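Contents: one structure, followed by commentary.
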Amino acid sequence: MKKYTIALIILLFTPLCFSQNNFLWKGYFSFNEIKDVSQSPDKLYAASENAIFTKNLATNVIQTRNTIDGLSGQTISTIYYSPENKKTLIGYENGLIVVINEIDGKMINVVDIINKSIPANTKKINHFSEYENIVYVSCDFGIVQYNLKTLQFGDTYFIGDGGALIPIAQTAVFQGNIYAATVNSGIRRASITNPNLNDYNQWTTIAGGGWVGITAFNTNLYATTNYGSLQELKGNSFVSITTLAEIAVDFRSNDNYLIITTENHVYLFNAAMVKISDINKVDIIEITSRFTCATVVDNALFIGTFENGLWSKNISDTTFEDNTPNGTYKNSVFAIDTSTDAIWAVFGGYNITYNPYAYACCAPTEYAISKFTKETWLTIPYESISDAKALSRIIVNPRNQKEVFISSYYSGLLKIQDDQFSELYNAKNTGQDGLQSIKGQVPDDVRINGSAYDNSGNLWVTNSKVAKALKVFNANGTWKSYDLSSIGDKKGLLDLGRMTIDKNGTKWLTSIDDGIIGFNENYNNRIKNIRSGVDNGNLPINDARVATIDNRNQMWIGTRKGLRVLSSVDSFLNENQLTTEPIIIIEDGLPQELLYEQFITDIAVDGNNNKWIGTADSGIFLVSPNGQETIYHFTTDNSPMPSNTVNDVDINGVTGEVFIATNKGLLSFKGTATDANEDLNNVYVYPNPVRPGFSGTVKIRGLLDRANIQITDIQGNLVFETTSEGGTIEWDTTAFGKYKVASGVYMIFISADDGLETKTKKVMIIR
């Protein structure tokens, strides 16, 4: 399949150029997981999972950088700011280093470590230590020199016994020697002026065991072990001076303080090594997660946390301040839904086999809910939603956008009203014909997943692993259940996914073992099944993940092994066996199946009937209405996407903005396809006028579907004609693509498909 068209080529920027062309993209990242902090005399630098931010201590202005600005979507492990060279270094778990010149904002990607011929799992960057413009990069394989003046790598030190690869936690230069604290091979020392430090024989082991960190402070050298002992260098050996209550997770000196961070404490020692402060996690009422790092800048203590962002206080004060930039609760966004002016996000969920216990280790997740509106994120904490776990889907009531329902794949159905918890529906409060828990499961395990509203305002949901697996919450507040036990070989104990409802009221359910299930209660509870096999529906596999109905009543089905299309949903009403077909395209003169064996996670249809198709490992595709043209194929290589794993896709039909939820962040692409309007009363043209130097397209919005658009010059000469698919069309200001039209006023004539409604607009073009 051809991945790129001419339309896409203009968008193919290298990662370092995204910031110059980011007008089409917007990032919505989380800054709650603080990986590391650094500082200058007047600024705090913080790294979250895959984004960074700074806080100016004089102005309190916070600035963020993410993949939209050119950062990698990979996981950050450490950050360092060099005051002398005015450069920020960001280290990643995969070995990447990003260098930011803070004077002009330019970034470079340093891939030398990534390209080293060593095991990939040894390339993590643990720490940066600067000495005379040379940064010593501590990695999981050894130490690398990086020159901040020339921006070039120097030698690599493999300092394990016999030159073995050993993980280095941290380095420090002290009294003419460089010291390396290793994770499990002691502390090793060599002369900093030795020109042969790449020879492991030049390094001497002066202490055994495992070490967390090492730093020079005041006139001494200190290190901390992996069992909580704080030690000082005395002569040629380290001597314990105190034992911490916990193992350190971060160890540094700054601003005349030695700072030791554990999961629950931050200890500050002054120059005389007197402990002047012990900050306990419980001292910050607002946080629930562990500490990750801490530093001091201008007498202010900054503490990073694992899930609650960055907090600070004056050393002599007791009041903490939240310094975390506004963002989503987590970067791994499981599902989203958009309303006219808001974005809702939940964070999961279940694993690939719909197991809520295996999504995040060993128990259903206890995550908050995020809502974005008016450039601000609202967090609805887990503690306020009646212990609803494993939040998997979200749907905004189209008739009342203040009412939101969230599916819990463990606890039932959660209702949010006016941004606050309203009700948790489960097996105990929905009656005999309501939600059901898995038989014999203790405590009650109510697995609600897919949801959809019908034309009457009733909310339908799937209830997995029970016989009556399809439920409807009627607009009058009553519940009703429908039996699906005739489907499959599990006697109705289905693992159900997403759901959609067509114009006939047929409910289409996805499942991981039984393909697509169609159900319509208005036709004597008719049930039909689309499965794999030529005679059973022709799906490539029975594991179906999404079924989406387009503007022409075709159903596009995404499975774990490819794409299929049902030519008309009306076939449910008049055919015994429903059959799907692949999309066949011609590539290099040969017929190929569109998205052959791709794991498709979601399909969204825009106002022009184009399909946005998300995948589990190949990014997102935009294909034409019939699938014959791949308009865009966005990946981490050619776009700001932080990951190629797309969990969910949704489109704001009013603005055309496409929201893409990945496992490493949420972002949006400013598409132009909007939903069709009911009349022509709201048609508008922009930009208008078109000024000299403008290189984009003229957009005409507010259209009816299938509206005819003709554009003429003032003399009536036709220069452009098209038929709308959705609510927006674009004109490149050329005469049928041949040449740019001259300056002047151009008439836009719009008529409905049936000719009963017309509208006339003007646009002025100034060359």
Over all pairs of different Cα atoms in region 684-765, the reciprocal of the mean inverse distance gives a Kirkwood radius in Å of 12.8
Please work out the FRET efficiency for the pair residue 574 and residue 263, using the Cβ-Cβ distance as r and a Förster radius of 56 Å; give the result to the nearest 0.05.
0.30
Per DSSP helix of 4 or more residues, -39500 (n - 2.57); summed, then divided by the residues of the chain. What does that give at 222 nm, rounded to the nearest 500?
0 deg cm²/dmol
Express the relative contact order of region 242-303 as a whole percentage, based on alpha carbon pairs under 8 Å and six or more residues apart in sequence.
29
Past 30 Å, Cα to Cα, is the threshold; run 415/465; 281/371; 86/313 against it and keep the listed order.
none
Mean separation of Cα contacts under 8 Å, 6 or more apart, over the residue count of region 684-765: relative contact order %
32
Show me the trypsin sites (Lys or Arg not before Pro) within region 698-745 that DSSP assigns to loop and that have at most 16 other Cβ atoms within 10 Å of their Cβ.
706, 738
Cα lying deepest toward the dipole's positive end in the chain, options 301, 609, 319, charges on Cβ:
609
Can you work out ³J(HN,Hα) from phi for every residue in region 38-50, in order, using Karplus 6.51 cos²θ - 1.76 cosθ + 1.60 and θ = phi - 60°, giving whole Hz and x for Gly and Pro?
8, 7, 10, x, 10, 8, 9, 10, 9, 10, 9, 4, 8
How do 756-767, 319-330 rank on mean C-beta neighbours within 10 Å, highest first?
319-330, 756-767
What whole-number distance in Å separates the alpha-carbon centres of region 398-458 and region 534-562?
26
Out-of-range pairs (alpha-carbon distance over 23 Å; input 124/664; 26/561; 26/124; 35/330)
26/561; 26/124
Value in Å of the Kirkwood radius, where the chain supplies the Cα pairs that are averaged:
29.0
How large is the dipole of region 245-381 about the Cα centre if only Lys and Arg carry +1 and Asp and Glu carry -1, each at its Cβ, rounded to the nearest 20 debye?
220
Do any trypsin sites (Lys or Arg not before Pro) in region 51-160 lie in a loop, going by DSSP, with at most 14 other beta-carbon atoms within 10 Å of their beta carbon, and if so which?
86, 106, 149
Binned at 5 Å from zero, the C-alpha pair distances of region 228-332 give percents of 2, 12, 22, 24, 18, 11, 6, 3, 2, 1, 0
If contacts are Cα pairs under 8 angstrom and at least 6 residues apart, what is the relative contact order of the chain in percent?
8
The long-range amide H neighbours of residue 561, using H built 1.01 Å from N in the peptide plane and a cut-off of under 5 Å, are 600
Three-way shape call for region 422-555 based on the alpha-carbon gyration tensor, with the a/c threshold at 1.5:
oblate
Which residues qualify? For residue 526, with a placed amide H closer than 5 Å and at least 5 residues away or on another chain, they are 520
Residue by residue, what Karplus-based ³J(HN,Hα) values in Hz, rounded to whole numbers, does region 65-79 have, using 6.51, -1.76 and 1.60 with θ = phi - 60° and x for Gly and Pro?
9, 9, 5, 4, 8, x, 6, 6, x, 5, 7, 7, 10, 7, 9
Using θ = phi - 60° and the Karplus relation 6.51 cos²θ - 1.76 cosθ + 1.60, list the HN-Hα couplings for region 325-339 in order, rounded to whole Hz, with x at every Gly or Pro.
x, 5, x, 5, 5, 9, 7, 7, 8, 7, 7, 9, 8, 10, 10
What do you get for GluC sites (Glu not before Pro) in region 45-135 restricted to DSSP loop and a cutoff of at most 15 other Cβ within 10 Å of the site's Cβ?
84, 132
Quick check on region 94-171: take the gyration tensor over C-alpha atoms, sort the square-rooted eigenvalues as a ≥ b ≥ c, and tell me if it's rounded (a/c under 1.5), prolate or oblate.
prolate
Length gained if residue 444 through residue 164 is fully extended, taking 0.36 nm per residue and subtracting the Cα-Cα distance, is 95.5 nm
Sorted by mean Cβ packing within 10 Å, highest first, what order do the peptides 360-372, 558-570 take?
558-570, 360-372
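No value in this document is a laboratory result; all are computed from the given coordinates. Quick caveat, the model's predicted, so the values are computed rather than measured. In this analysis, Cβ positions are derived from the backbone assuming ideal geometry, glycine residues included, and neighbour counts consider all displayed protein chains.
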